[in-house]
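Read-outs: derived from the displayed coordinates by stated rules, not from any lab. Note that the structure is predicted; figures quoted are calculated from it, not measured. When we count neighbours, we look across all protein chains shown, and the Cβ atoms used for this are built from the backbone with ideal geometry, even at glycine.
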Amino acid sequence: MAFPIDAAAVTHGIQLAVAPVFLLTAVSGMIGAVAGRLARIIDRARTVEDRARASTDSEFLARAHAELGDLRKRGRLANGCIALLTTCAFLIGLTIILLFLGETTVFQINRFAIASFLLGVGCFLLALLCFLAETVMATRLLNFHMLR
């Protein structure tokens, strides 16, 4: 099936599709930041587990068990955040395709582009909330063992 190609429509389609690319850049940066946090959470959990296996001190084992529970919650939040960011990136990519096709073909799919963009932004906002919850939990867990 041949589509009539109008150079002005193609140019306008590219202009429309470029704007969501900036959101993709933000999403990729967030995925990198959250993946780094998740890696540190996993490393800390491995360290705590190794120390707990080598210890017989019941007080230390209780603290280690509590910390591992908190690390599990933080890891789940980070995983959820990455899943939401990945979904956001997929939806924004879909938006770019739909905008371009809507401008360069006879298909009227702009409503789908609006829906995919809004869903993508919604996923991004939910990912930001997960990120905030994980960082709040991480700072709440700070314990410097300082005497006053």
Pick from A89, A19, A127: which is most flexible by mean-square fluctuation in a GNM of the chain where alpha carbon atoms under 10 Å apart are linked? A19
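Would you mind giving the average projected area, over all directions, of the Cα convex hull of the chain in nm² with one decimal?
Details: hull surface 49.3 nm².
Over every viewing direction, the Cα hull of the chain projects on average to 12.3 nm².
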From a point 7 Å beyond the Cα of V21 in the direction of its Cβ, which residues of the stretch 120-134 have a backbone N at a distance under 20 Å? 120-121
For the chain, with +1 on Lys and Arg beta carbons and -1 on Asp and Glu, the positive-most of C88, V27, L128 along the dipole: L128
For L128 and L61 in the same chain, what is the full-extension length gain: residue separation times 0.36 nm, less their Cα-Cα distance, in nm? 20.8 nm
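Sort 108-115, 77-84 for me by packing, meaning the mean count of neighbouring Cβ atoms within 10 Å per residue, highest on top.
77-84, 108-115
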Any idea what the dipole of the chain comes to, in debye rounded to 20, about its Cα centre with Lys/Arg Cβ at +1 and Asp/Glu Cβ at -1? 540 debye
At A8 and R72, where each label point lies 7 Å from the Cα along Cα→Cβ, what is the point-to-point distance in nanometres? 6.3 nm
Which distance in nm do the two modelled labels at I97 and M137 give, with both placed 7 Å along the Cα-to-Cβ direction? 3.3 nm
Within a Gaussian network of the chain (alpha carbon springs, distance under 10 Å), most fluctuating of D43, D70, D57: D57
Could you work out the helix-only [θ] at 222 nm for the chain, with each DSSP H run of four or more residues adding -39,500 (n - 2.57) and the total divided by the number of residues, to the nearest 500 deg cm²/dmol? -31500 deg cm²/dmol
Length-normalised contact order of the stretch 23-139 in % [C-alpha pairs under 8 Å, at least 6 apart]: 31 percent
